Structure formats: C-alpha cells, structure tokens
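The values are calculated or read from the model by the stated rules, or taken from the named source; none is laboratory data. What you see is a predicted model; the values in this text were computed from it and never measured. Glycine gets a Cβ as well: all are built from the backbone with ideal geometry, and neighbour counts include every protein chain shown. Quick note on the areas: whole protein, heavy atoms, side chains included, nothing else; ligands and nucleic acids left out. Shrake-Rupley method; radii C 1.70, N 1.55, O 1.52, S 1.80 Å.
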Amino acid sequence: MVATAFLAGCMSSDQTTVFNQINSARSANGVAALTAFSPAQNKAQAWAQYLAQQGSLSHSNLPDGYSGVQWCQLGENVGMGPDLASIQTAFMNSPGHRANILNPVYNNVGTGVVQASNGYYFVVQEFVDAC
C-alpha cells in the first residue's frame, strides 16, 4: 500500500483521476482495487503522448515496456474524448473495455493522460497480471 501511495503521488492529477475511476468501477462491481505499477504507468503515459501526437487511436504492442517484468496477462484500453468522465463512461459502455477494467485477474494498472492541442484528451489504461 505504501508503494501505491508513493507512485500515486508521482501521477498527474489527470492520471490520478483515471486511476481512481478504474478502482471506483471495480469497487462498485465487487472487484479488488488495482495497484499503480511503475512499468505500466511509464508505458501508458508514453503511449498517450504518442496517440496525442498522431491525433488518432491505436493499440500498442502489449509486451513493449515490460522487459524484466514477470507477467501472465496484459490488457490495454485506449480512448479519446472531450473530458475524462466521458471517456470512462465510453469504456464502461463498451464490453471489451469494461471487461479489462473489471477483470479480477489484473492486479496492477498504469494510466496515461494527455490533452492534445485541440482540447481532446487521450487516455491509456495498461492492465497487468503480475505473476
């Protein structure tokens, strides 16, 4: 828990908002909270920056950024929209994105958020089952 609090302190307020949205949805659905995970955090933020520069959505190569990390399963949500709340709503209304958020196998997460020059937000959620 101390590591989570420390890492959460390194997140921007937008990244913390997305992190809290994920864990709030998990709590509301009876799923254990995720821990902020530095490799996933770094990957998510870098990918969000890439997407904002490209101006479009695409998925990363999931194993990239996890060299030396023991993982059993990875997942990723990418989204863009006018604000963080609407992106989270869209994720929860999409069966695939919702499944990643509520998957009880995942125990770690990283969040990336970038606001592009057009005002739109790009959000990346990296889910990791560290085993």
So which residues in the range 108-131 are among the polar types (S, T, N, Q) and crowded, with 16+ Cβ neighbours inside 10 Å, if there are any at all?
Asn108, Thr111, Gln125
Here is a check on your reading of the model: is Gln73 crowded, with 20+ Cβ neighbours inside 10 Å, in contact with a strand residue (DSSP E or B) (Cβ under 9 Å, 6 or more places away or on another chain) and in contact (Cβ under 8 Å) with a residue 40 or more places away in the chain?
no
Just a yes or no: is a residue in the range 40-59 open to solvent by less than 20 Å² (accessible area, probe 1.4 Å) and touching a Leu at 6+ places or on another chain (Cβ under 7 Å)?
yes
Out of everything in the range 60-70 that is free of Cβ contacts under 8 Å to residues at least 40 places away in the same chain and exposed (fewer than 14 other Cβ atoms within 10 Å of the Cβ), what residue ends up being farthest from Pro95 (Cα to Cα)?
Gly68
Would you say Ser27 is modelled with pLDDT under 95, out of contact with any helix residue (DSSP H, G or I) (no Cβ under 8 Å at 6 or more places or on another chain), over 15 Å from Val123 (Cβ atoms) and of a type in the set (S, T, N, Q)?
no
Reported set for the range 78-93 where residues are farther than 19 Å from Ser13 by Cα and crowded, with 20+ Cβ neighbours inside 10 Å is Phe91
